[in-house]
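Notes for the one structure printed next.
The values are calculated or read from the model by the stated rules, or taken from the named source; none is laboratory data. Quantities reported herein were computed from a predicted structural model and do not represent experimental measurements. Neighbour counts are summed over all protein chains in view; Cβ atoms, including those assigned to glycine, are modelled from backbone coordinates with ideal geometry.
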Amino acid sequence: MTNLTLSIRNSSEILGINERNYRYLRLNKGLKSLADNKLLTKKLLKSNDIPTPEVYGVIKNRRDLENFDFDSLPNSFVLKPSRGVKGAGITIYYNRLKDGRWITASREKHEISDLKTQVQNILDGQYSLGIRMRSSAAIFEERVKMHPSFKHYSYRGIPDIRVIVYRKVPVMAMLRLPTEESGGKANINRGALGVGIDMARGVTTDAIKNNRLIESVPNKRLALSGIKVPYWTKILRIAHQCQVVSGIGYLGVDIIIDKEKGPMVVELNARPGLGIQAANQDGLKDRLEKVRKVKSVTESKAVRLTKDLFGGEIDEELENITGRELIGLTEKICFMGKNMKEICVACKIDTGADSSSIDKRLAVKLGYEDVVNYYEKIIHASVADKQKEERRAYKNLLYKHKEVVKVTHIKTAAGLDYRVKIELPAKINDKEFLLRASISNRSKLNYPVLLGKNDLKGFLIDTTKRGSNAEKK
């Protein structure tokens, strides 16, 4: 790993190379050759109806090279080795000029002789895996049309999404955005951007370039956090399918999104790198451990587990930016009673109500029985029909209890009534605050606690977010 290790949240959960190799890559024994050979990968995926870019032609040897009709190639395509590593040997051609030359991502103009030289280098094994150069076939492949969601973030090349899959469950993902430095290739080792993705929502979070944290696209004022990845659920399903059909136990799946065709798999990787942890500012160890004992994972279960177990990074990002806790419309709220015992219940978040309220039975359990009894003794009957001076006397009496912080009058079906407010320490998730709530009878309501606007100043409300589990009553 790099010096980013010190800045990654949950740094103790970072998966290192040795542990990755010992615990996880050994699961891929006998299957690495499948992932290493893009032709075999394409054949497998196509036979299982998993979408991949179209192949225009393959050159396996010098005889194929001499007989290949280069003029039959379309104006736009990708030339890549069938056995490549870290994006080496991949050339992207965007268009063909009237004089017959093709234009590359770096704006070079290649003639047929240049293509033949590149193919010859691939055949000679210059970009192959391992220490020894191994002969590799050259593949002419469809160049995917960029999805408009990434148009302003990517330099010429097509972004891809790397998904790590373990025990058929996608556990971590990042968006890789090509830059000018990377020559239009989505490879972070060559200067592309690595952007972490919240697994629940498919929304980007943190970002790195050349092992350094960044916040925006180089030379642009475009924030890299908050980008919505299209087809997110479908991408998770495809990643699951790839592990099922390949049998590779610890797998990196590279997926691109075509403007018209949607997600397509471009590569399977049996040795996925660890930089994805830096892009997500989170370690893999805990995520892998969470699914280690998972069995019988169907496609729908895999998606559900991914979103339930590994979401929340964007929530943390928002909380870091705003200093507020992100909560849903229902949450678990915990109180520390006067007897120093914690009681947790479900509460309703209501931005339409100004103030909060707590059920009198819960207040009694928390040790506020005295103030409840005092209130009921004073307000023993409706004050709606009382004169103004009499109502003021009731109000003054209520204020005499030391734990009553405010007395409010409300309109009910019977007319006017009073409520007393108390202050009590509360906590939602890790956010501690002092709740000021009126005591009322909520026995016929679903939630014993309601949080109104006056107590929500330290929170952000997400109407789509599911709150923590807690019993309503």
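Data overview
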| quantity | calculated |
| --- | --- |
| Condition met for A207 (assigned to a strand (DSSP E or B) and either touching a His at 6+ places or on another chain (Cβ under 9 Å) or touching a residue at least 12 places away in the same chain (Cβ under 8 Å) (or both)) | yes |
| Filter result for G89 (touching a Phe, Trp or Tyr at 6+ places or on another chain (Cβ under 6 Å), on the phi > 0 side of the Ramachandran plot and at pLDDT below 90) | yes |
| Any chance K42 is modelled with pLDDT under 95, closer than 21 Å to R156 by Cα and buried (at least 19 other Cβ atoms within 10 Å of the Cβ) | no |
| Scope region 229-239; condition touching a helix residue (DSSP H, G or I) at 6+ places or on another chain (Cβ under 7 Å) and surrounded by fewer than 23 Cβ atoms within 10 Å (Cβ to Cβ); matching residues | P230, T233, R237 |
| Residue selected from region 99-128 under the condition part of a loop (DSSP other than H, G, I, E, B), modelled with pLDDT under 90 and of a type outside the set (D, E), by the criterion surrounded by the most Cβ atoms within 10 Å (Cβ to Cβ) | Y127 |
| Candidates V253, V195, V245, filtered to the one that is within 25 Å of R23 (Cα to Cα) and surrounded by 24 or more Cβ atoms within 10 Å (Cβ to Cβ) | V253 |
| Boolean, L31 is in contact (Cβ under 8 Å) with a residue 60 or more places away in the chain, assigned by TED's automatic domain parsing to the domain that holds R167 and surrounded by 15 or more Cβ atoms within 10 Å (Cβ to Cβ) | yes |
| Close pairs from region 95-109: first not assigned by TED's automatic domain parsing to the domain that holds R156, partner hydroxyl-bearing (S, T, Y), Cβ under 7 Å, at least 6 apart | N95/S76; W102/Y93; I103/Y93; I103/Y94; T104/T91; T104/Y93; A105/Y94 |
| Helices (runs of 4 or more DSSP H) contained entirely in region 333-429, each with at least 3 residues that are at pLDDT 90 or above | 360-365, 369-378 |
| Per-region count, region 138-178, residues among the acidic types (D, E) and within 18 Å of T104 (Cβ to Cβ) | 2 |
| Residue ID - modelled with the lowest pLDDT, chosen from residues in region 129-148 that are of a type outside the set (A, V, I, L, M) and buried (at least 17 other Cβ atoms within 10 Å of the Cβ) | S136 |
